[in-house]
Amino acid sequence: MLTCDAIRLERDGFALSADVSFQAGALTALVGPSGAGKSSFLGLVAGFDIPESGDIIWNGQPLVPIPPNQRPVATLFQDNNLFPHLTVEQNIGLGLSPRLKLTPAQRVQVQEVLDQVGLSGLQDRKPGTLSGGQQSRVALARVLLMNRPIVLLDEPFAALGPGLRAEMLDLVRTRLIAPDRVILLVTHDPQDARRAADYIAVVAEGTIGAPQPTAEVFASPSEALRAYLGQ
């Protein structure tokens, strides 16, 4: 379980608070208006921001004192964070070896995940020669191979069409959901949340709401969610 124990972040007049827990073995979608603090919250979990107070605890281990590169976290950013001078195969291989010293077995893993995200045959291309959707799939493939217990997905499929976006969400569920893994997905699309999420946490007015089962949230939306959905 990932627990936010009275977390509070203050930046440039904006305040974000969270006192919630997220279940392992499930995908929780963070939904809410732009500027509510969804991406800022992922930054706190990843370690790119340090809270003014509180702690983030993973299975009893406080994470706030741990630097980002040592946290048990894999993050898929909105901009994909691909290295333009590396090939598709190399960008994905970073998920297995930061020095890109891959064993033959690891190279097979890279090829398998290329097939799974629909990029077979593009392993020697550079990111700049790919479409936005293809770049998103390269970034997803790297996260799939990292095997971290906390996975943060920050609107990763915004550049994809509806069909491919649904396919990638299904792939996330198939490949990433595990009993000992927490997955947090930031999305602005309610349909993505309905399709992929086991739980919904509504983010509004600088507060991360407690996760609730997806079907219950949409069957009886809170006032904050109704405002976001325009109901």
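The values are calculated or read from the model by the stated rules, or taken from the named source; none is laboratory data. What you are looking at is a predicted structure, and each value in this text was computed from that prediction instead of being measured. Cβ: placed from backbone, ideal geometry, glycine included. Neighbour counts: every protein chain shown. Heavy atoms of the whole protein, side chains included, go into the accessibility calculation; ligands, DNA and RNA do not. Shrake-Rupley method; radii C 1.70, N 1.55, O 1.52, S 1.80 Å.
Among ALA197, LEU229, ILE177, pick out the residue whose Cα is farthest towards the positive end of the charge dipole of the range 165-231, where Lys and Arg carry +1 and Asp and Glu carry -1 on C-beta, about the Cα centre.
ILE177
Quick one: Debye curve from the C-alpha atoms of the range 144-186, no solvent, what's log10 I(q)/I(0) at q = 0.22, 0.29 Å⁻¹?
Listed by q, the Debye log ratios stand at -0.75, -1.13.
Taking every eigenvalue of the Cα gyration tensor of the chain, multiplying by 5 and rooting it, what semi-axes result, largest first, whole Å? The partial results should precede the final answer.
Numbers: eigenvalues 176, 85, 50 Å².
After diagonalising the Cα gyration tensor, the semi-axes are 30, 21, 16 Å.
Report the extension gain between ARG173 and ALA15 in nm, rounded to one decimal, defined as 0.36 nm multiplied by the number of residues separating them, less their alpha carbon distance. Write down the numbers at each step before the final one.
Details: separation 158, 0.36 × 158 = 56.88 nm, distance 3.19 nm.
Here the segment from ARG173 to ALA15 would lengthen by 53.7 nm.
With springs connecting C-alpha atoms under 10 Å apart, model the chain as a Gaussian network and identify which of LEU44, LEU27, LEU153 has the largest mean-square fluctuation.
LEU44
How much of the accessible area of the chain, probe 1.4 Å, is carbon plus sulfur, in whole percent?
Working: 5130 of 10560 Å².
After summing per-atom areas, the C and S share lands at 49 percent.
What accessible area per residue comes out for the range 1-97, rounded to a whole number of Å², with a 1.4 Å probe?
Values: 4110 Å² over 97 residues.
About 42 Å² of surface per residue is accessible.
Run the numbers for HIS85 and ALA166: contour at 0.36 nm per residue of separation, minus the present Cα-Cα distance, in nm. Walk me through the numbers before you get to the answer.
Numbers: separation 81, 0.36 × 81 = 29.16 nm, distance 2.97 nm.
Going from the current span to full extension adds 26.2 nm.
Quick one: grab Rg to one decimal and Dmax as a whole number for the range 23-155, Cα atoms only, in Å.
So, for the range 23-155, Rg and Dmax equal 16.0, 48 Å respectively.
Any idea what the dipole of the range 1-140 comes to, in debye rounded to 20, about its Cα centre with Lys/Arg Cβ at +1 and Asp/Glu Cβ at -1?
Values: 10 positive and 12 negative charges, 98 e Å.
Charge dipole, the range 1-140, about its Cα centre: 480 debye, nearest 20.
Taking only protein heavy atoms into account and a 1.4 Å probe, give the accessible area per residue of the range 141-187 in Å². Show your work: numbers first, answer last.
On the way: 1680 Å² over 47 residues.
Accessible area per residue: 36 Å².
Could you work out the longest stretch of the chain that avoids the GluC sites (Glu not before Pro) located in DSSP loops with at most 14 other Cβ atoms within 10 Å?
Details: sites that count: GLU52, GLU205.
The answer is 53-204.
If only Cα atoms are counted, what is the Rg of the range 1-100, and what is its Dmax, in Å?
15.3, 42
Taking the chain as a Gaussian network, Cα atoms linked when under 10 Å apart, which of LEU96, LEU152, LEU140 shows the biggest mean-square fluctuation?
Taking springs between Cα atoms under 10 Å, the residue moving most is LEU96.
Please work out the C-alpha center-to-center distance from the range 1-80 to the range 81-102 and express it in whole Å.
26
With both bridge residues required to lie in the range 130-231, what share of the DSSP beta bridges run antiparallel, to the nearest 5%?
So the antiparallel bridges amount to about 45 percent of the total.
When the dipole is taken about the Cα centre of the range 159-231, and only Lys, Arg (+1) and Asp, Glu (-1) are charged at their Cβ, what size is it in debye, to the nearest 20? All intermediate terms of the calculation are to be shown ahead of the outcome.
Numbers: 7 positive and 9 negative charges, 35 e Å.
Dipole magnitude for the range 159-231 comes out near 160 debye.
With the crude spin-label approximation of a point 7 Å out along Cα→Cβ, what separation in nm comes out for ILE66 versus GLU52?
Each label point lies 7 Å from its Cα, and together they span 2.6 nm.
If you build a Gaussian network model of the chain, linking Cα atoms that sit under 10 Å apart, which residue out of ALA204, ALA26, ALA15 swings the most?
Its mean-square fluctuation being the largest, the pick is ALA15.
Of the beta bridges DSSP finds with both residues in the chain, what % are antiparallel, to the nearest 5?
On the way: 18 of 38 bridges.
In the chain, approximately 45 percent of DSSP beta bridges are antiparallel ones.
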